[in-house]
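Read the structure below first, then the notes.
The values are calculated or read from the model by the stated rules, or taken from the named source; none is laboratory data. This is a predicted model, so every value here is computed, not measured. Virtual Cβ from ideal backbone geometry, glycine too; neighbours counted across all protein chains shown. Keep in mind that these areas ignore ligands, DNA and RNA; they rest on the heavy atoms of the full protein, side chains included. Shrake-Rupley method; radii C 1.70, N 1.55, O 1.52, S 1.80 Å.
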Amino acid sequence: MKKRERVKRKDNVIFLPGLEKRLTDKGLESLQNKRYREAITLLEGAREHDAENSEILVGLVLAYFESGAFTKAKELANEMLLKGIGDYFQMVDLYLTILIQLHEYQEIVSTIEALFDEKEIPPDRQDHFLTILQFSKRMADNNHPEPSEFPKENVPVKELKLSSLDSLNEQMLVISSLAEKNIRPFMEEIKEFLHSDSGHPFLKTMLLTLLREQEYDKEINVNKFSEEISVVPTELPDIQSQPIMKEILHLLEKRLEHSDPVLFENIKGMVERIFFISYPFELEPRNVSAWAAAFHFLVLGYLGIEQDLSDLSDEYESSTEMIEQALVKITKLEEISYPNI
């Protein structure tokens, strides 16, 4: 005869037998079906019953990540690493992926350097982490190199073969490896990749950043989201210094930094993410207040807080029509997943 499962109690609340498994199964099913807010609610409930269950926690990190709650995802992934919960290198990869979305390149550098110092990285994964480390160092360094650091003498040209690689992961590692090389011998292939209809927008931003750093001063065509523009990399603004992005963040900072700093940091992360993926295109409508209100509205929604759009329209002194235009654009860009490491 099957032994009856004991009823659990916590703080005088009775938990029905099997509830934890049902919450976990339903939460993972919701995650699989891209119902991320529902998955978060269910998995947070399951976590109440088993705070160190790796299946629950990994699912919760992924649900936070996919819903855009990157700060929560980062905190939970870091907690799991410190406690040794889950497969160690799976969690390291996930943690680094989250840091990339947050553009916390110095933290990536510190994390990977610590792994190398402690000789924790298996030989077959050292190249993987080294290329990420090199790229992150370049992104974290605000001092752009002099042109003389990138000699123009003839160098044997090797193909990058970006278009033929099967995964975004492989493409990202190839592009990351260019951070310590002279990019010019590969320009024909890079121009073709930037001009193509295919090619992930995130990877195209990475390439443009490298071209700007290496002071490439010739006109190139960039295609993203079925739109095309011609740019000269040396004339592009730094990603973190895009004028409209700075204006949006300034407006949000004035309204939220003191009254709700946590909300501000969450919105700031989304703003930086959207402007990274869309770089160097200018976003329409060109109305700072509408964009600020739209970002505010979306992040409140991700956090499960209901807000009347008309109230934000009044607060930011922008029409609901313009805010809705911005919402459509942000939502479309948010659906473009960033490549996993």
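The table for this structure:
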{"quantity": "Net charge, ASN221 excluded, C-beta distance under 15 Å - Lys, Arg +1, Asp, Glu -1", "calculated": "-4"}
{"quantity": "Cβ-based net charge around LYS74, under 10 Å, with every Lys or Arg adding one and every Asp or Glu removing one", "calculated": "-3"}
{"quantity": "Carbon plus sulfur fraction of accessible area for the chain, probe 1.4 Å, in percent", "calculated": "47"}
{"quantity": "Relative contact order (%) - the chain, alpha-carbon pairs under 8 angstrom, separation at least six", "calculated": "12"}
{"quantity": "Debye, to nearest 20: dipole size of the chain, +1 on Lys, Arg Cβ, -1 on Asp, Glu Cβ", "calculated": "1340"}
{"quantity": "Candidates ILE229, ILE100, ILE239, ranked by Gaussian network fluctuation over the chain, Cα under 10 Å, top entry", "calculated": "ILE229"}
{"quantity": "Calculated diffusion of the chain, Stokes-Einstein form, Kirkwood radius summed over Cα pairs, 37 °C and 0.692 mPa s, µm²/s", "calculated": "148"}
{"quantity": "For HIS200, distant residues with modelled amide H under 5 Å away", "calculated": "none"}
{"quantity": "Probe 1.4 Å, protein heavy atoms only - accessible area per residue of the chain in square angstrom", "calculated": "53"}
{"quantity": "Helical segments meeting 24 Å axial Cα length and Kyte-Doolittle -1.0 threshold in the chain (DSSP H)", "calculated": "261-278"}
{"quantity": "For segment 173-213 versus segment 46-63, the gap between their alpha-carbon centres in whole angstrom", "calculated": "38"}
{"quantity": "Cut-off 12 Å between beta-carbons: net charge of the residues surrounding GLU55, Lys and Arg +1, Asp and Glu -1", "calculated": "-3"}
{"quantity": "Top of LEU94, LEU252, LEU300 by mean-square fluctuation, Gaussian network on the chain, Cα under 10 Å", "calculated": "LEU300"}
